[in-house]
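The values are calculated or read from the model by the stated rules, or taken from the named source; none is laboratory data. Quick caveat, the model's predicted, so the values are computed rather than measured. Positions of Cβ are backbone-derived with ideal geometry, glycine not excepted, and every protein chain shown enters the neighbour counts.
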Amino acid sequence: MKFNTKTIHGGQKHDPAYGAVMPPIYQTSTYAQSTPGGHKGFEYSRTHNPTRQALENAFASIENGTYGLAFASGLAAIDAVIKLLKPGDEVISTNDLYGGTYRLFTKVFEGFGVKFHFIGMENADKVESYVNENTKLIWAETPTNPMMNIIDIKALAEVAKKHNILLGVDNTFATPYLQQPLDLGADIVMHSATKYLGGHSDVVMGALVVKDEALAERLYFIQNASGAVCGPQDSFLVLRGIKTLHVRMQRHCENGKKVAEYLANHPKIEKVYWPGFESHPNHEVAKAQMKDFGGMISFVTKGNDYDEAIRIVENMKIFTLAESLGGVESLSGHPASMTHASIPKEEREKTGVVDALIRLSVGIEDADDLIADLEQAIGS
Ligand code: P1T
């Protein structure tokens, strides 16, 4: 099955009870048993739920994996991955990453004795230089949030395989429409399904997909033991979202290109971060591992002025100033005070997350309207 067919049919079957084409929302916490252990495959909804299972099968299908797991949020999915580790283990992580992930790593798991190294990952040799006998996981976001750096997944996978380390890739910004990390050698692919997979800004959810059976069993154990699962209604909504992922992504990419080019030619803009530009330092890697360049863009205005950045985001009318990304509607964000506020200023500025940085999630509205909105908000 090709990707566009998988988004609609992957891992799905008609409901056995009445042939419902969409899986019903099995809004139940438990399942009748005729005798202890005598059930139809479902015992308790923290462990399994038919609606969630249909979604988990869809996750596995679109990421070319074998096993999918759905969680209550993207962070709950990452939390489950780190629970594979034990005190003394070390993780090499991207230094430019979602602020909440950084907070989870440093404020929760460092307290349990897991050590994190936050580094730029554009060079796999540099990543390898941080490997020691305690290293158990390499954690990469690509494109990174919010600086849009691109990390060569294949090159990282070679380092991970050589040293017998797990490689996890947060594929939230790219989605499997643009890149499929498991095919490039990653062991775990993760999503904030809150974003493009759900696609309509109405659900908070996380996903993991793996190929290896033993790894899947460990993650299913953690999912059930820790219990950060999503409900059936949310599972239904994300399953419905995935069915249009390919058409939405196509338009996100088209609009993203138009908006990035508009910004790059604007006299008041200093720098635009978008991997589709030939001048982007990792453009060649992006071209090789991604099908297109996506709808996430960051930029700074000339003079790098905080007040000017705040004025611009306040002035936008179609772009809504809000946390999150990946929905059909365009959003703007100010990472330094919003999504990345939990990263100390000194740390975030090292990666380029300056006070004047603005992030856009370009939606699927008419591109002319989006550009007109930026024009009036930025001014000339
Ligand atoms: O919000 P949640 O579903 O828990 O997902 C966390 C997460 C993980 N990984 C990436 C790359 C993310 O962007 C996020 C969430 N990000 C935002 C809310 C944001 O506006 O960047």
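Assorted remarks:
Yes/no per residue for (1) crowded, with 24+ Cβ neighbours inside 10 Å; (2) acidic (Asp, Glu); (3) touching an Asp or Glu at 6+ places or on another chain (Cβ under 7 Å):
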site	(1), (2), (3)
MET290	no, no, no
THR301	no, no, yes
ARG311	no, no, no
ILE343	yes, no, no
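- Positions within the range 73-116 being among the hydroxyl-bearing types (Ser, Thr, Tyr) and over 26 Å from SER129 (Cβ atoms), in sequence order: SER73
- Among the residues of the range 191-245, the one identified as of a type in the set (Phe, Trp, Tyr) and buried (at least 24 other Cβ atoms within 10 Å of the Cβ) is TYR196.
- Within the range 61-72, being over 14 Å from SER235 (Cβ atoms) and either small (Gly, Ala, Ser) or within 14 Å of the ligand (Cβ to nearest atom) (or both) holds for SER61, GLY65.
- Any chance ASN123 is at negative phi and outside the structural domain of GLY256 (by TED's automatic domain parsing): yes
- Lone unmet requirement of (1) more than 16 Å from the ligand (Cβ to nearest atom); (2) not in a helix (DSSP H, G or I) for VAL285: (2)
- Answer residue from the range 313-333, given it is closer than 15 Å to MET148 by Cα and part of a loop (DSSP other than H, G, I, E, B) and is farthest from the ligand (Cβ to nearest atom) among those: GLY326
- Exclusive hit being of a type in the set (Gly, Ala, Ser), at positive phi, outside the structural domain of GLU323 (by TED's automatic domain parsing) and over 20 Å from the mean Cα position of the chain (by Cα), set GLY227, GLY199: GLY227
- Residue within the range 5-14 that is surrounded by fewer than 21 Cβ atoms within 10 Å (Cβ to Cβ) and of a type in the set (A, V, I, L, M) present: yes
- Of the helices (runs of 4 or more DSSP H) lying entirely inside the range 73-182, those containing at least 3 residues that are within 15 Å of the ligand (Cβ to nearest atom) are 74-82, 99-103, 175-178.
- Selection count, the range 220-250, where residues are touching a strand residue (DSSP E or B) at 6+ places or on another chain (Cβ under 8 Å), small (Gly, Ala, Ser) and assigned to a helix (DSSP H, G or I): 1
- For the range 193-240, filtering for residues that are within 15 Å of the ligand (Cβ to nearest atom) and of a type in the set (Phe, Trp, Tyr) leaves 1.
- Test: residue in the range 339-350 that is touching a Lys or Arg at 6+ places or on another chain (Cβ under 7 Å) and either without any contact (Cβ under 8 Å) to a residue 12 or more places away in the chain or within 16 Å of the ligand (Cβ to nearest atom) (or both): yes
- Filtered residues of the range 102-123 (kept if touching a helix residue (DSSP H, G or I) at 6+ places or on another chain (Cβ under 6 Å) and closer than 15 Å to ILE151 by Cβ): MET121
- Checking each residue in the range 185-215 for being in contact (Cβ under 8 Å) with a residue 12 or more places away in the chain, assigned to a helix (DSSP H, G or I) and over 14 Å from LEU167 (Cα atoms) picks out only GLU213.
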